[in-house]
Every structure is written in C-alpha cells, then in structure tokens.
Amino acid sequence: MITTVIKITGMSCANCAARIEKGIGARDGVASAVVNFATEELIASHDETAISVEEIVKGVEDLGYGVIRPEPPGEMTFGVRGLHCASCVNRLETRLLEDPAVTTAVVNLAAETGFVRFDPERIGPADIFAAVHAAGYTPVELHEAEAAGHDDLLRQRNWFIFSLAASLPIMLTMGMHHNRAVMQFNFLLATAVQFSAGLIFYRGAWSALKNRSANMDVLVALGTSAAYFYSLAAFIGLLGPSREVFFETSAWLITFIRLGKHLEARARGKAGEALKKLLRLQADKARLVTEQGEKEVPASIIRAGDVVLVRPGETIPVDGEVMDGSGAVDEAVITGESMPVMKKPGDTVTGATINRNGVLRIRATRVGEATLLAQIVRMVREAQGDKAPIQRFADAVSGWFVPAVIILALATFLIWFFPLHAAFLTAFRFAIAVVVIACPCAMGLATPTAIMVGSGIALGRGILVKKGSALETISRLQVVLLDKTGTLTTGSPTMTDLVPAARNVDPEKLLECLATAEAHSSHPLAQAAVTAAAEAGVQPGEAGEYEERGGFGITCTYNGIRLAVGNERLMEEEGISLRHLEDKAGELAGAGKSLIYVAAGTALVGLAGFADTLKPGSAEAVAAFRRMGIRTCMITGDHADVAEIVAEQVGVDSFEAEVLPARKQEVVREYQQRGMITGMVGDGINDAPALAMADVGIAIGGGTDVAKETGDIVLIRDDLLDAVRAIVIGRATLAKVKQNLFWALFYNILGIPVAAGMLSRYGITLKPEYAGLAMAFSSVSVVLNSLLLRRVARQL
C-alpha cells in the first residue's frame with residue numbers, strides 16, 4: 001500500500017472535495033481517499049498493483065476536475081537561486097551526483113533551474129534540496145522561482161543604481177587625493193559599495209570555497225578586495241607616506257559588474273519570452289452557462305462537462321467541443337497558422353485561442369493542467385532545461401577555468417614585479433585586471449540561452465521541441481525516413497473501386513462483408529471502407545472471433561462464415577488464391593491505389609481499391625530536404641507498386657514497401673549502423689518504436705494531446721514543411737551556440753593577455769575597472785547574440 005498526493009484544480013466548494021473522495025474511494029484498490037479543499041490536494045492510499053497513480057489521476061479528470069500531474073517518481077524540477085556562472089553549474093551538478101541515489105543532475109544557468117532523476121526509495125526531494133543548500137545555493141519550488149524572476153530583476157537594477165550613485169562622486173574627485181576630507185568621503189562610499197552591493201560576491205565566493213571549488217564570485221571578490229584593501233592600507237598609512245589610493249577601482253568594478261548582471265537578467269528574461277507569452281495567454285475569466293443563465297466566473301473553477309459561452313473577441317478558456325454556434329477561431333498561438341479556422345458544432349477548440357467572430361457554446365472536455373496549452377508549457381519548460389551535447393565542452397572548460405585564472409594572475413604579478421622590475425602598484429593592477437576580466441559566465445550561457453530562444457521560435461510556428469538537445473541533433477541530420485500514410489499523404493483515403501471476384505458475387509453483399517470486418521479497426525483504409533459502406537446504405541454486421549494483425553489485416557466470422565480481409569500477405573497465409581483478380585489488382589496497383597482483398601472461407605470473393613492523395617506540401621518539403629543535403633527514404637506497409645508511384649510523385653531518394661511496423665525500427669537501426677544521423681517522421685503513435693529509435697523522432701500532426709506523442713519534436717500542424725522549418729531552426733540554433741562559445745573563448749584568449757599588460761609596450765593597457773566592465777558585457781553579448789536568432793523567424 002502506498003500513499004499518493006495529487007494536486008487538484010477546479011474545485012469550487014467542499015462538495016467538490018466530497019465528490020472526489022467518494023468517486024476515488026469507491027475504486028478497487030483504493031483504501032482511503034481524503035481531499036483537502038484548502039490545499040487542493042487529494043491524499044490517496046492505494047495498492048499500486050491494483051490501481052496506478054495514472055488511473056487515479058484519470059479518475060479525478062473523469063469527475064470533471066483538473067490535475068497538476070505529479071512528476072514521475074524519482075524525478076523533480078526546481079528553481080535554483082545563486083547561480084552566477086558555468087562553474088556554479090558544474091559545482092552543483094557534481095555535488096548532486098556525489099549521492100549514489102542520484103542518476104541524473106542537469107542544471108540550466110539561463111533558466112536557473114535544476115532537474116534531478118533519483119531513486120525515490122533511497123532519497124527524497126528534501127534530501128535533494130538539502131544537497132543544493134550544502135552546495136551554497138538556494139533551491140525553490142518552480143512556481144516560486146518564476147514569481148521571483150521579476151523581483152530579482154528589480155533588485156539587480158536597484159543595486160546597480162545604488163552602486164552608480166556611490167561611485168560617481170569617487171570618480172569625480174579623483175584629482176583631489178591630497179584633500180583628506182575628500183578621501184575620507186571616498187573611503188566611506190567605497191566601503192558602502194564594497195560591503196553592500198558587493199556582499200553577494202563574498203557570499204558566493206565563501207560558499208564555493210567552502211565546497212572546495214571556485215567560480216566567478218571568487219574572481220570578483222578577489223579582484224575587488226585586492227583593490228579595496230590595498231587602497232585602505234594606503235589611506236591609513238600602513239604602506240608608508242604618499243602611497244596611491246584608488247578606491248574608485250573597487251567601487252567601479254562592482255558597479256560595472258552589477259550593470260552587466262542587470263542587463264544579463266533582462267536579456268535572459270527575453271530569451272524565455274516565448275514561454276512567458278504562453279502563460280499570459282491563459283484566460284482568467286469564463287462565462288459559465290447554468291440553468292439560471294450566464295455568469296462570469298474565474299476560469300480556474302470550470303470543470304469538465306461545464307458549458308461556457310464565448311463571444312467575439314474573447315479568449316476560449318478551456319479545451320472543449322462546440323455544442324452550438326459557429327465562428328472563426330484564431331489558433332495562431334497553438335499552430336502558428338495566421339488564418340482563423342471556422343468552427344461548427346462537433347468541432348474541437350483549444351483553450352487560449354481567440355474567437356474572432358460568432359458566438360460559441362462550448363462543452364469543456366479538459367481543464368487546468370490537462371489542457372493542450374498546459375501540456376505545451378510543461379514540455380517547453382522541460383526542453384529548455386535539457387542539456388545539449390555541445391554544452392559538455394563548456395562544462396569541461398569551466399571545471400578548471402577559475403583556478404587557471406588565479407594562477408595566471410599570480411604569474412602576471414610575479415613576472416612584472418621581479419624579472420621586469422615594474423613598480424609594485426603596476427604589477428598589482430595588472431594582476432587585478434587579469435582576475436576580473438576572465439569570465440566563465442559567457443560559456444555557461446552560450447548553449448542554454450540559444451536553446452531557449454530557438455525552442456521559442458519553433459513554438460511560434462507550431463513546432464514543439466520536447467528535448468532541447470534535439471535542436472542540436474536535428475541540425476546534423478543526414479537522412480530522414482518518412483512514413484507514407486498520414487505523413488506524405490493525407491492519410492484519409494477513399495474507396496474508389498470494389499471488384500467482385502466472380503459474376504455471382506453480389507457487390508452489396510461483398511461491401512457488407514468488407515465493412516463488417518473493418519468496422520472495429522482504426523486503420524485509415526478500414527475507416528474508408530466503413531465510410532463507403534455507409535454512403536451506399538450498407539450497415540456492417542456483428543463479427544465474431546475478431547482478430548486484427550498489424551501489417552496483415554483482419555480475420556473474423558460472420559453468419560458462420562470465416563472472413564479474411566487484408567493484404568496479399570494475409571491471403572497467402574490463409575491459403576487463398578489471388579489468380580482470379582491478378583490482372584485487375586495489377587491495374588489498380590499500377591494506378592497507385594492501395595488494395596484490400598476479401599475472402600470468405602477458402603475462396604477470394606472480391607477486391608477493394610483505395611486512393612490516398614499527397615498532402616499539398618509533401619513534394620515541396622522533400623525537395624527542401626534534398627537542397628539541405630539530407631537523404632530521404634519513404635517507408636510504407638503498402639504494396640511495392642503503390643509505393644513506387646507515390647515515391648515518384650513526391651521525389652524521395654529511395655523507398656521501402658510492404659514494411660511491417662516492427663521493421664520500421666530495424667530500418668532506422670540499419671541507417672544508424674551506417675554511421676548516419678537519422679531522423680524519423682511519422683504519426684507519433686503507430687510509428688512510436690521507430691520514432692523512439694531514431695536520433696531525432698518527429699511526430700507530425702500532434703493535434704490536441706501532445707503529451708501522448710512519442711518523439712523529440714512534435715509538429716502540432718499536419719504539415720511536413722514544419723519538419724523543414726524545424727531543421728532550419730535547429731541549424732540556426734547550433735550556429736548561434738558555436739558563435740557564443742567562440743566569442744566566450746575568444747574574449748578570454750584576447751582579454752587576459754591585454755589585462756596582463758602584454759600589449760603595454762604599444763600603449764595598450766586595461767584598468768581593472770574597465771576589465772570588470774568588459775567581463776560583465778561578455779555575458780550580455782552572448783545573450784544578445786542568442787536573441788538575434790529571432791531574425792530566423794522572419795525567414796520561415
């Protein structure tokens with residue numbers, strides 16, 4: 001017996017709580033179900049072998065309430081405060097992975113989040129939070145971290161303004177060092193800056209050193225302290241008479257770094273703007289229709305089954321089905337499609353879309369965390385927290401970066417002071433400049449900021465990136481495998497031919513047998529056969545001993561006769577001769593039609609032909625793949641003749657026909673064994689094994705339940721050209737990551753020698769405060785460069 005706590009949305013009163021307790025408590029395997037209305041939580045004690053957590057969640061949803069789905073056991077995502085650079089990321093990940101119960105730890109500097117996968121039998125969330133605290137950082141619940149984002153930005157701004165206000169007088173009185181009163185005033189100002197605005201760097205440095213590591217805070221604290229305490233010693237006369245005092249250096253260092261942090265926080269906020277925009281789109285209010293009439297209520301209390309009224313210009317508050325009325329709905333937020341879509345009774349609508357005209361009465365089908373928008377928000381957040389393979393390079397560099405910089409600074413001082421016989425102050429300033437100009441932050445931000453922006457652009461086009469690392473992998477694709485039905489073709493075939501095997505076979509009876517066998521199948525050809533029968537006024541009968549076999553067809557009994565309805569493989573297995581319809585079958589297949597044979601007993605009684613048309617953008621998408629240098633291969637379970645015609649029409653490089661579902665996975669593996677980075681585009685459910693096997697699985701036509709889709713990328717629209725756009729975005733994102741990493745390395749490779757005075761013979765030197773400014777702006781420049789990815793959106 002285990003205890004599960006589930007967060008519930010949509011409860012409006014204590015009666016709701018009682019209803020859930022009664023509904024869940026009555027289920028087999030549930031020992032007790034208690035709902036706390038105040039905290040909106042269900043606490044259920046249940047036998048996991050009899051009823052799973054997912055079944056309890058579905059039970060709550062079936063009762064008409066929303067559920068904030070718990071993360072899978074052994075997984076948690078949380079906010080992290082106090083991250084300053086790539087070294088912080090490296091340190092926290094290392095600290096978390098020291099616990100043998102933790103198998104995965106990923107920290108995202110740009111999003112300031114952590115993701116941990118652990119053994120829930122050995123440790124829990126409290127232990128993980130304790131480990132984060134011990135590493136010197138502050139873990140917070142994800143919703144708290146999001147709420148604190150704006151406050152943090154204000155704090156960064158206010159500290160910068162304070163530092164600037166205190167530093168300006170010091171700079172303006174630099175020529176008045178002989179005036180004791182002015183120097184005392186400057187000392188007070190510099191001290192105020194050092195131990196207020198600069199205190200955060202001391203805290204971060206102490207925390208890092210306590211954990212036997214080093215980060216950006218160590219460098220800043222070291223550089224500013226050296227300048228401040230040297231000036232203090234000179235000011236009070238410990239270094240002898242007429243020693244130079246330069247309080248402006250430490251004060252301006254902290255001011256410039258605070259400015260950089262403020263600008264960086266603003267830019268990082270813009271990098272995650274796509275996700276914030278989605279969150280802002282959720283409707284706050286809904287017009288609930290009751291027996292007493294309409295009333296405006298908070299959208300959060302709408303339950304599944306409730307009816308809401310949406311007037312022109314209003315946002316649809318829930319996922320639902322149109323009961324009455326018609327209107328044009330703007331679905332751009334979900335699909336990226338600018339043209340509104342007409343909705344009529346029976347059509348589904350998605351929450352956060354906008355009703356442009358007409359009045360719609362909508363029955364809510366999904367609310368709260370179950371809506372499509374909530375699913376997308378959750379997946380985008382997970383994708384932005386994912387770590388791309390190229391990030392490993394930055395992680396490796398950050399591990400030794402800070403100690404190396406401190407060694408370089410010490411070497412700079414020693415070389416200038418001893419072999420070169422420079423003045424102590426000159427050598428000292430060069431050493432400080434080396435310490436403060438070095439910046440591991442830019443390397444830590446290079447990858448995650450680009451992925452945040454790239455996934456946001458994709459989202460705007462109806463492309464949901466479920467794993468951030470997929471943006472890097474998709475940019476390197478060498479071959480794309482394309483499922484035929486539903487991917488290249490419309491997937492909605494129509495029956496064009498019904499051919500009896502002999503003159504004594506009644507066409508109507510033949511159609512009845514075909515429809516009876518296909519009535520319970522979800523295959524597109526089966527649905528087309530049932531539709532054709534209905535249009536002809538023929539009703540399917542009751543089938544017995546029904547068996548559907550993937551890649552073959554259906555066997556069943558009807559009126560005491562065994563029916564076999566399917567492809568050539570099924571007929572061959574059943575021992576049915578196809579000789580009577582061989583010529584006709586060849587003619588239909590030659591026209592690109594799919595075939596279904598119908599056999600009764602041991603005899604072939606007929607043949608049905610189905611036509612499936614290409615999607616409008618399929619040939620254009622395949623041509624675009626080829627221009628990108630990506631090989632294309634079509635995979636289908638259809639007959640080779642049909643496959644060849646479709647392959648010619650669409651222009652793929654190669655095709656494989658008569659492929660069983662399990663074989664698709666093998667095809668993916670075969671291309672991978674040739675050393676090719678392989679992508680698979682399919683419908684996300686039927687092609688799930690192949691999508692999971694591919695280096696990048698792309699599920700097309702994700703529709704309204706993207707959480708169920710297998711694959712790394714989901715194309716919400718049913719448009720293959722979106723796969724091309726995903727590759728374009730992936731390539732642009734990877735290019736930005738490389739530019740960012742190059743800039744971060746180039747900046748340090750160029751900046752450190754300049755700061756060390758290696759170009760001083762040419763009159764090129766860098767004062768410590770300006771070195772600090774350069775360090776601050778290196779991070780800002782990386783984030784701003786990532787934001788330039790937005791220009792790609794205009795080209796899609």
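Here are VAL453, VAL505, VAL435: which of them is β-branched (Val, Ile, Thr), out of contact with any Phe, Trp or Tyr (no Cβ under 7 Å at 6 or more places or on another chain) and in a loop (DSSP other than H, G, I, E, B)?
Details: VAL453 fails: in a loop (DSSP other than H, G, I, E, B); VAL435 fails: in a loop (DSSP other than H, G, I, E, B).
Matching residue, one of VAL453, VAL505, VAL435: VAL505.
Got a number for residues in region 231-257 being surrounded by fewer than 23 Cβ atoms within 10 Å (Cβ to Cβ) and either among the aromatic types (Phe, Trp, Tyr) or under 14 Å from HIS84 (Cα atoms) (or both)?
1
Kindly provide the set of residues from region 172-196 that are among the aliphatic types (A, V, I, L, M) and under 20 Å from THR255 (Cα atoms), ordered by number.
Of region 172-196, the ones among the aliphatic types (A, V, I, L, M) are 172, 174, 176, 181-183, 188-190, 192-193.
Within region 172-196, LEU172, MET174, MET183, LEU188, LEU189, ALA190, ALA192, VAL193 qualify.
Considering only residues that are surrounded by fewer than 14 Cβ atoms within 10 Å (Cβ to Cβ), closer than 17 Å to ALA600 by Cβ and either in contact (Cβ under 8 Å) with a residue 12 or more places away in the chain or over 46 Å from the mean Cα position of the chain (by Cα) (or both), which ones fall in region 542-556?
Residues satisfying the conditions are GLU542, GLY544, GLU545.
Only residues in region 201-220 that are touching a residue at least 12 places away in the same chain (Cβ under 8 Å) count as the first member; pair them with residues that are of a type in the set (S, T, N, Q) and surrounded by 23 or more Cβ atoms within 10 Å (Cβ to Cβ), Cβ under 6 angstrom, at least 6 apart or cross-chain, and list the lot.
ALA208/ASN215; ASN215/SER87
Considering region 347-363 alone, what residues qualify as being under 25 Å from VAL714 (Cα atoms) and surrounded by fewer than 16 Cβ atoms within 10 Å (Cβ to Cβ)?
Matches in region 347-363: ASP347, THR348.
Condition check ((1) among the small types (Gly, Ala, Ser); (2) surrounded by fewer than 23 Cβ atoms within 10 Å (Cβ to Cβ); (3) not in a loop (DSSP other than H, G, I, E, B)) across all residues:
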site	(1), (2), (3)
CYS88	no, no, yes
THR94	no, yes, yes
THR104	no, yes, yes
PRO120	no, yes, no
ILE128	no, yes, yes
HIS133	no, yes, yes
LEU153	no, yes, yes
SER163	yes, no, yes
MET171	no, yes, yes
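Within region 41-62, count every residue that is assigned to a loop (DSSP other than H, G, I, E, B), at pLDDT below 85 and either of a type in the set (Val, Ile, Thr) or crowded, with 18+ Cβ neighbours inside 10 Å (or both).
1
Yes or no, residue by residue, for (1) at pLDDT below 80; (2) among the acidic types (Asp, Glu); (3) open to solvent by 60 Å² or more (accessible area, probe 1.4 Å); (4) not in a helix (DSSP H, G or I):
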{"site": "LEU259", "(1), (2), (3), (4)": "no, no, no, no"}
{"site": "HIS262", "(1), (2), (3), (4)": "no, no, no, no"}
{"site": "ALA274", "(1), (2), (3), (4)": "yes, no, no, no"}
{"site": "ALA283", "(1), (2), (3), (4)": "no, no, no, yes"}
{"site": "GLU296", "(1), (2), (3), (4)": "no, yes, yes, yes"}
{"site": "SER300", "(1), (2), (3), (4)": "yes, no, yes, no"}
{"site": "VAL329", "(1), (2), (3), (4)": "no, no, no, yes"}
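Within region 374-405, can you find the residues that are at pLDDT 80 or above and either surrounded by 18 or more Cβ atoms within 10 Å (Cβ to Cβ) or at positive phi (or both)? Let's see the steps before the verdict.
The first filter runs over region 374-405 and keeps only residues at pLDDT 80 or above, leaving 400-405.
Within region 374-405, PHE401, VAL402, VAL405 qualify.
Could you please give the count of residues in region 598-611 that are open to solvent by 10 Å² or more (accessible area, probe 1.4 Å) and free of Cβ contacts under 8 Å to residues at least 60 places away in the same chain? Steps first, answer last, please.
Keep residues of region 598-611 that are open to solvent by 10 Å² or more (accessible area, probe 1.4 Å), which gives 600-605, 611.
Of the ones still in play, those that are also free of Cβ contacts under 8 Å to residues at least 60 places away in the same chain are 601-602.
Qualifying residue count, region 598-611: 2.
Could you please find all residues in region 508-523 being open to solvent by 20 Å² or more (accessible area, probe 1.4 Å) and either in a strand (DSSP E or B) or in contact with a Pro (Cβ under 6 Å, 6 or more places away or on another chain) (or both)?
Answer for region 508-523, where residues must be open to solvent by 20 Å² or more (accessible area, probe 1.4 Å) and either in a strand (DSSP E or B) or in contact with a Pro (Cβ under 6 Å, 6 or more places away or on another chain) (or both): just ALA519.
What pairs can you find where one residue is in region 426-453 and free of Cβ contacts under 8 Å to residues at least 24 places away in the same chain, the other is among the β-branched types (Val, Ile, Thr), and their Cβ atoms are less than 9 Å apart, with a gap of 6+ or different chains?
Partner pairs satisfying both residue conditions: ALA427/THR412; ALA427/ILE415.
May I ask you to list the residues in region 566-595 that are in contact (Cβ under 8 Å) with a residue 40 or more places away in the chain and over 48 Å from the mean Cα position of the chain (by Cα)?
Listed by number, the residues that qualify are HIS580, LEU581, LYS584.
Could you count how many residues in region 768-796 are of a type outside the set (Gly, Ala, Ser) and more than 22 Å from VAL402 (Cβ to Cβ)?
Total satisfying the criteria: 11.
Could you give every pair whose Cβ atoms fall below 7 Å, whose first residue belongs to region 461-472 and is in contact (Cβ under 8 Å) with a residue 12 or more places away in the chain and more than 16 Å from ILE334 (Cβ to Cβ), and whose second residue is part of a strand (DSSP E or B) and of a type outside the set (Gly, Ala, Ser), counting only separations of at least 6 or pairs across chains?
Cβ pairs passing all conditions: ALA470/VAL696; ALA470/ILE713; LEU471/VAL465.
Residue-by-condition table, conditions (1) touching a His at 6+ places or on another chain (Cβ under 9 Å); (2) over 21 Å from LEU581 (Cβ atoms):
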| site | (1), (2) |
| --- | --- |
| GLY456 | no, yes |
| THR473 | no, yes |
| LEU482 | no, yes |
| LEU511 | no, no |
| ALA526 | yes, no |
| ARG549 | no, yes |
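Checking VAL80 against (1) touching a strand residue (DSSP E or B) at 6+ places or on another chain (Cβ under 6 Å); (2) modelled with pLDDT of 85 or more; (3) surrounded by fewer than 22 Cβ atoms within 10 Å (Cβ to Cβ), which test does it fail?
(3)
Look through GLY590, GLY637 and report the one residue that is open to solvent by 30 Å² or more (accessible area, probe 1.4 Å), more than 21 Å from VAL479 (Cα to Cα) and at pLDDT below 85.
Just a single option satisfies the conditions, and that option is GLY590.
Residues of region 207-229 being crowded, with 24+ Cβ neighbours inside 10 Å and under 22 Å from MET174 (Cβ atoms), which ones?
GLY223, THR224, ALA227, TYR228, listed by residue number.
Any chance you could count how many residues in region 612-659 are among the charged types (D, E, K, R) and more than 14 Å from VAL724 (Cα to Cα)?
Within region 612-659, residues that are among the charged types (D, E, K, R) and more than 14 Å from VAL724 (Cα to Cα) number 9.
If you go through region 654-703, how many residues are in contact with a Ser or Thr (Cβ under 7 Å, 6 or more places away or on another chain), of a type in the set (Gly, Ala, Ser) and either modelled with pLDDT of 85 or more or open to solvent by 40 Å² or more (accessible area, probe 1.4 Å) (or both)?
Result for region 654-703: 6.
I'd like the residue in region 174-205 that is outside any helix (DSSP H, G or I) and surrounded by 13 or more Cβ atoms within 10 Å (Cβ to Cβ) and, out of all such residues, is nearest to the chain's Cα centre (by Cα).
Within region 174-205, the subset outside any helix (DSSP H, G or I) is 177-179, 198.
Within this subset, residues satisfying the condition of being surrounded by 13 or more Cβ atoms within 10 Å (Cβ to Cβ) are 177, 198.
Numbers: HIS177: 56, GLY198: 36 Å.
Filtering region 174-205 for residues that are outside any helix (DSSP H, G or I) and surrounded by 13 or more Cβ atoms within 10 Å (Cβ to Cβ), the one nearest to the chain's Cα centre (by Cα) comes out as GLY198.
Which condition breaks for HIS421 when tested against (1) open to solvent by 10 Å² or more (accessible area, probe 1.4 Å); (2) on the phi < 0 side of the Ramachandran plot?
With (1) open to solvent by 10 Å² or more (accessible area, probe 1.4 Å); (2) on the phi < 0 side of the Ramachandran plot applied to HIS421, the lone miss is (2).
Looking only at region 640-653, count how many residues are open to solvent by 40 Å² or more (accessible area, probe 1.4 Å) and in contact with a Cys (Cβ under 7 Å, 6 or more places away or on another chain).
Qualifying residue count for the region: 1.
Just one of LEU581, LEU563 is in contact with a Leu (Cβ under 8 Å, 6 or more places away or on another chain), modelled with pLDDT of 90 or more, over 30 Å from GLU666 (Cβ atoms) and open to solvent by less than 40 Å² (accessible area, probe 1.4 Å); which is it?
LEU581
The values are calculated or read from the model by the stated rules, or taken from the named source; none is laboratory data. Everything numeric here is computed off the predicted structure, so don't read it as measured data. Don't worry about glycine lacking a Cβ; one is built from the backbone with ideal geometry, like all the others, and counts go over all protein chains shown. The area values use the complete protein model at the heavy-atom level, side chains included, leaving out ligands, DNA and RNA. Shrake-Rupley method; radii C 1.70, N 1.55, O 1.52, S 1.80 Å.
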